[in-house]
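Below you'll find the structure, written out as structure tokens, and then a few comments.
What follows draws every value from the coordinates through simple rules; no lab data is involved. It should be emphasised that the depicted structure is a prediction, and the values quoted were computed from it without experimental measurement. Reconstructed Cβ throughout: ideal geometry from the backbone, glycine too, with neighbour counts over all protein chains shown.
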Amino acid sequence: MIRLEDLTKIFRTPSGDIVAADRVNMEVPEGEICILLGPSGCGKTTALKMINRLIPPTSGKIFIGGKDTSQLNDIELRRNIGYVIQQIGLFPNMTIEENICVVPRLLQWDIKRAKTRAAELLDLVGLDARQYLKRYPKELSGGQQQRVGVIRALAADPPVMLMDEPFGAIDPINREIIQDEFLKMQSELKKTIMFVSHDIDEAVKMGDKIAIFRAGKIEQYASPDQILAHPENAFVADFVGTDRTLKRLRLLTAEEVADRNAPITSRSTKVEDARQVLAASKARFAVVIDGENRPVGFITADEMRGASGTVRELANRLPATVPIRADLRAVVSEMFAHDTMWLACTDDNGRYAGVISQPDVTTALRATYASAPDAAHDPGAP
Amino acid sequence: MTQSLGMGRIASFFLVFALGIWVSASGLTESIAMYWDDIVYLTKQHLVLVCSSGFAAILIGVPVGVLLSRPSMEKYAESIMQIFNVGTTIPTLAVVALSMTILGIGFPPAFFGLFVASLLPIIRNTYAGLLTVPAHLKEAATGMGMTRQQILWRVELPNALYVIFSGIRTALAINVGTTPLAFLIGGGGLGELIFTGIDLMDTGMLLAGAIPTAALAVAVDFLMGQAQLRLIPKGVNPLR
């Protein structure tokens with residue numbers, strides 16, 4: 001857990017005082033990622049760097065795991081906080097192994113233990129330890145370097161991590177991949193993370209909570225969905241963008257919206273039987289599956305009217321299927337691409353998992369608008 | 001490529017051959033044989049001067065460069081470097097002459113003059129090398145909990161090593177080339193054969209001093225080049 005209490009930073013310059021952080025109060029619960037978001041110069045990086053005292057606070061308190069950090073000296077404090085920066089900062093004079101072992105060695109770990117840990121961590125991000133341990137940073141691609149930058153911060157297993165635009169310098173394709181990898185890692189490691197970003201999409205994707213900064217103050221601190229659905233003021237609404245509803249599509253997966261009880265039928269089913277199944281469920285179409293439960297086509301009620309024989313002869317091809325774990329943005333994109341109102345979903349093995357339709361998606365979006373508790377608007381409400 | 005290499009080889013072969021004819025015709029081999037004892041003795045003296053003054057310059061120059069690069073010195077470092085830069089424009093002969101006026105003749109002024117001449121490139125490169133270590137490396141190191149000492153030894157110096165080494169290499173090249181001047185203030189060395197040869201218009205004697213001096217300069221530079229290639233870790237060595 002990280003808690004900031006009235007954290008303030010005033011830079012005294014010859015041309016007057018600059019308030020970079022103005023009585024910042026916030027708490028990041030254990031195991032969550034909190035994104036500090038805002039335009040440049042809003043104080044988000046200052047707030048982050050005060051936590052490991054790269055910038056000494058003017059006033060206020062910082063608690064990590066309930067302990068007041070002002071009791072610790074700088075060196076001790078920093079060795080127990082993982083730190084990742086945008087420029088990665090791998091030391092070019094050290095091999096990958098030496099880079100990862102820096103903090104464990106500073107903490108007087110046994111060499112063997114540190115080296116085992118380095119190999120373990122490389123495997124965790126999908127880099128072959130035997131191949132990469134002895135390489136130098138310049139012999140790795142940018143994406144690989146950034147992965148090493150992240151695991152280097154994890155080396156001594158610190159409970160808390162600070163990340164300063166860690167994926168900012170990577171190309172968009174690799175960024176998505178590394179973000180996904182990182183989220184997967186985090187779901188196991190459960191670190192408490194403060195993460196600076198200026199990219200709302202990244203914030204929505206990575207954050208359990210988002211704190212939006214302006215001029216050293218927190219404008220809103222809430223979950224991504226809350227911020228997108230109920231921006232507290234014009235600045236936040238502006239910052240998250242007019243397409244914020246579309247951004248919310250990323251927060252939901254098909255799994256949460258799809259109709260798992262939509263009627264299905266097999267190819268060898270008689271048309272009369274299929275017609276009865278459809279009539280019972282009041283649906284207008286049924287998904288046709290093969291012997292291994294994979295969706296292969298669909299059949300509509302209109303087509304079956306007055307027809308006989310088996311479903312095989314009347315079935316239409318499915319335009320596309322979507323994985324049930326895909327987020328709604330990907331689902332809607334597929335729907336638009338194929339000009340269809342609905343899509344069949346598949347599980348990890350390609351088996352039928354349900355049907356998702358455009359009305360389902362709009363209903364889901366509306367539900368969060370309608371039901372979201374407006375605590376942000378009315379702090380006095382129970 | 002192989003063809004041009006072959007051409008080069010043939011050309012250099014002829015060059016060596018022609019040089020050989022000229023050398024034996026000028027009586028150089030005989031004069032070298034004649035002065036052999038002197039050459040050995042003076043080369044030793046020469047090397048003692050080069051090594052002692054060069055070593056002292058490294059010993060003083062690197063720490064001074066480090067000191068100037070510390071954040072606490074930021075205000076003064078540039079002006080101090082300016083003074084040093086002006087210092088480098090003074091010809092080495094003048095430095096040697098000036099040191100004689102203070103320290104008299106013999107080894108001490110020669111040592112001091114050479115020391116001063118090699119000091120400047122070392123300080124300058126150490127200072128510049130440390131300043132070019134990217135700020136984000138220092139930030140990462142600080143953020144990971146290294147102490148200032150640890151940052152200097154584990155991050156800054158290793159990453160500046162190539163530039164520092166280049167400074168030392170330049171300094172030693174200057175040093176070897178300047179050492180013959182030591183003779184002028186009684187410091188000995190191969191300059192004795194060169195300058196005496198010039199005075200006596202004795203080409204053989206002159207070359208008996210000049211050729212070993214040149215060979216020594218080439219050898220020192222070669223050794224330093226090899227050391228630079230092999231001693232500096234792969235990650236920060238642009239040669240590897």
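If you count, for every residue in B:152-160, the Cβ atoms of partner chains within 10 Å of its Cβ, what is the mean?
Going residue by residue through B:152-160 and averaging, the value is 3.
If the reach is capped at under 16 angstrom between alpha carbons, list the lysines near residue A:190, excluding any in the same chain fewer than eight residues apart.
Straight-line reach from residue A:190, under 16 Å: A:209.
For the protein assembly as shown, what D do you get in µm² per second when you plug the Kirkwood radius from alpha-carbon pairs into Stokes-Einstein at 20 °C and 1.002 mPa s?
Using the Kirkwood radius from Cα pairs, D works out to 69 µm²/s.
Out of A:234, B:133, B:115, whose Cα points farthest toward the positive end of the dipole of the protein assembly as shown (charges: +1 Lys, Arg; -1 Asp, Glu; placed on Cβ)?
Of A:234, B:133, B:115, it is B:115.
Taking the Cα centre of the stretch A:2-242 as the origin, how large is its charge dipole in debye, to the nearest 20, when only Lys and Arg (+1) and Asp and Glu (-1) carry charge on their Cβ atoms?
920
Helix-only mean residue ellipticity at 222 nm, chain A, DSSP H runs n ≥ 4 weighted -39,500 (n - 2.57), per residue, nearest 500. What is it?
Mean residue ellipticity, 222 nm, calculated: -10000 deg cm²/dmol.
Taking chain A as the reference, fit the longest principal axis to its C-alpha atoms, fit the long axis of helix A:358-371 to the helix C-alpha atoms, and give the angle between the two in degrees, 0 to 90, nearest 10.
The helix A:358-371 is inclined about 50 degrees to chain A.
Angle between the Cα long axis of helix B:107-131 and the longest principal axis of chain B, 0 to 90 degrees, nearest 10?
40
Rank A:276, A:245, A:220 by how far each Cα sits towards the positive end of the charge dipole of chain A (+1 on Lys, Arg Cβ; -1 on Asp, Glu Cβ) and give me just the farthest.
A:220
Once you list every other residue whose beta carbon is under 11 Å from the beta carbon of residue A:351, what net charge do they have if Lys and Arg are +1 and Asp and Glu are -1?
Combined, the nearby Lys, Arg, Asp and Glu give -3.
With bins 5 Å wide starting at 0, give me the P(r) of the stretch B:35-236 over every alpha carbon pair, in whole percents.
1, 8, 14, 16, 16, 14, 11, 8, 6, 4, 2, 1, 0, 0
Tell me which aspartates and glutamates have Cα within less than 19 Å of residue A:282's Cα, excluding those fewer than 8 residues away on the same chain?
Cross-link targets: A:259, A:272, A:273, A:302, A:303, A:360.
Which value, in debye to the nearest 20, describes the size of the charge dipole of the stretch B:142-240 about its Cα centre when Lys and Arg Cβ atoms bear +1, Asp and Glu Cβ atoms bear -1, and nothing else is charged?
Rounded to the nearest 20 debye, it is 800 debye.
Of the DSSP beta bridges with both residues in the stretch A:2-242, give the percent that are antiparallel, rounding to the nearest 5.
The antiparallel fraction comes to roughly 50 percent.
Can you give me the three principal axis dimensions of the stretch A:2-242 from its C-alpha atoms, in Å, biggest first?
Extents along the principal axes: 53, 41, 35 Å.
Which one, A:338, A:357, A:10, projects farthest toward the positive side of the charge dipole computed for the protein assembly as shown from Cβ point charges (K/R +1, D/E -1)?
After comparing all options, I get A:10.
Over all residues in A:137-146, what is the mean tally of Cβ atoms on other chains that come within 10 Å of each residue's Cβ?
Other-chain Cβ atoms within 10 Å of each residue's Cβ, averaged: 1.
Taking every pair of Cα atoms in the stretch A:1-123, average 1/r, invert it to obtain the Kirkwood radius, and report Rg/Rh to two decimals.
Ratio value, two decimals: 1.03.
Once the Cα atoms of helix A:328-337 and of chain A are each reduced to a long axis, what angle between those two axes, in degrees from 0 to 90 to the nearest 10, is obtained?
Computed tilt is about 50 degrees.
What percentages make up the Cα-Cα pair-distance distribution of the stretch B:98-141 when the bins are 5 Å wide from 0?
5, 19, 16, 12, 11, 10, 8, 7, 6, 5, 1
Taking the Cα centre as origin and putting +1 on Lys and Arg beta-carbons and -1 on Asp and Glu beta-carbons, what dipole magnitude results for the protein assembly as shown, to the nearest 20 debye?
600
If you restrict to DSSP beta bridges whose two residues both lie in the protein assembly as shown, what percentage is antiparallel, to the nearest 5?
60
Divide by every residue of chain B the summed helix terms, -39500 (n - 2.57) for each DSSP H run of at least 4, and state the resulting mean residue ellipticity at 222 nm, rounded to the nearest 500 deg cm²/dmol.
-26500 deg cm²/dmol
Looking only at B:204, B:20, B:186, which one moves most when chain B is put into a Gaussian network model with springs between Cα atoms under 10 Å?
The residue that fluctuates most here is B:20.
Can you give the relative contact order of the stretch B:35-236 as a percent, counting alpha carbon pairs under 8 Å and 6+ residues apart?
Relative contact order, the stretch B:35-236: 27 percent.
Compare the peptides B:44-52, B:87-95, B:9-17 by average per-residue count of other Cβ atoms within 10 angstrom and give them in order, highest first.
Final packing ranking: B:44-52, B:87-95, B:9-17.
Quick one: work out the % antiparallel among DSSP beta bridges in the stretch A:254-366, nearest 5.
70
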